[in-house]
Amino acid sequence: MRALVLVCAMAFGCGAPQAPVHALAGEPTEHDVDAEPLIIGTVTLPPIPASVHESDEVVGNALRLTRAAVAAERPSLDEAASNDETARYMREDFHAWLLDRARAIATAHQALAAMEHGEPDEYVLASALVGMLFATLAREVVETPLPRVVRDDRTQRVLVREALLEAAAPLYRRALEAFGACASTASGAADPTLEPWATYCDDASERAIEAPRPVDEPPPPETTTADAGPS
């Protein structure tokens, strides 16, 4: 089970994005009030900020890779799987899926980083998407269904669940860093189309803070929009 933690540690070695020092100024561009939400896999996000366009090559590439990063579905394990089958699943199928998702997120993260050097609205979008990718994978890891043979054995159930929580913990930390940067940049911005993103990132931060943690890890400190910026 410790291999799950090592996969996450090796795959997500890059740092979180740092917020730009400049701030939004001026009047926002005209934006359709009925703009469609941004859909990434099964996640519904606010509409893309008014001045960010998916037709832009950098933005379009980042969104394409972000969608690709959530495409691989977690492999299933039969409810009646034996102990040996469960161990093989964790060692092979689940491990391979986690590694594939980690690599896809790393690729998307690199593409999203190209948006960090643009305007703050692009940075807000990129930070929110980075946070979403990490939080989504963390939730999928934690919510991995366990077969009956594991659920019925208290010792084994605790060991497996703890291993899953340990694998998810660094992912939630990375999500919190990205959501905090998103919220601090979007809060109070001149562009009203960033307001839904500030709300989304604040709410997503709360969900990440409240997510279950390994028994030996203290809960993360609560962050607010005011103190969520870079150190």
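Only the coordinates and a few stated rules stand behind these numbers; no lab work does. Computed from a prediction, not measured in an experiment: that's the story for all the values here. Backbone-built Cβ (ideal geometry, glycine too); neighbour counts: all protein chains shown.
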- Message: Let's see if you can work this out: charge +1 on each Lys and Arg Cβ, -1 on each Asp and Glu Cβ, no other charges. What is the dipole magnitude of region 40-100 about its Cα centre, in debye to the nearest 20?
- Response: 220
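Can you sort Ser51, Ser187, Ser76 so the residue with the fewest Cβ neighbours within 10 Å comes first?
Values: Ser51 17, Ser187 20, Ser76 11.
Ascending number of Cβ neighbours within 10 Å: Ser76, Ser51, Ser187.
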- Message: Kirkwood Rh and Cα-based Rg: tell me the resulting Rg over Rh for region 67-224, rounded to two decimals.
- Response: 1.05
- Treat the count of other C-beta atoms within 10 Å as a stand-in for reagent exposure and order Tyr172, Tyr89, Tyr123 from fewest to most. Tyr89, Tyr123, Tyr172
- Quote the charge dipole size of region 74-192 about the Cα centre in Debye, to the nearest 20; the model charges only the Cβ of Lys and Arg (+1) and of Asp and Glu (-1). 380
- Under 5 Å, built H, 5+ apart or other chain: amide partners of Ala190: Leu24
- Query: Could you give the nm distance between label points at Glu36 and Glu79, where each point is 7 Å from its Cα heading toward the beta carbon?
  - Reply: 3.7
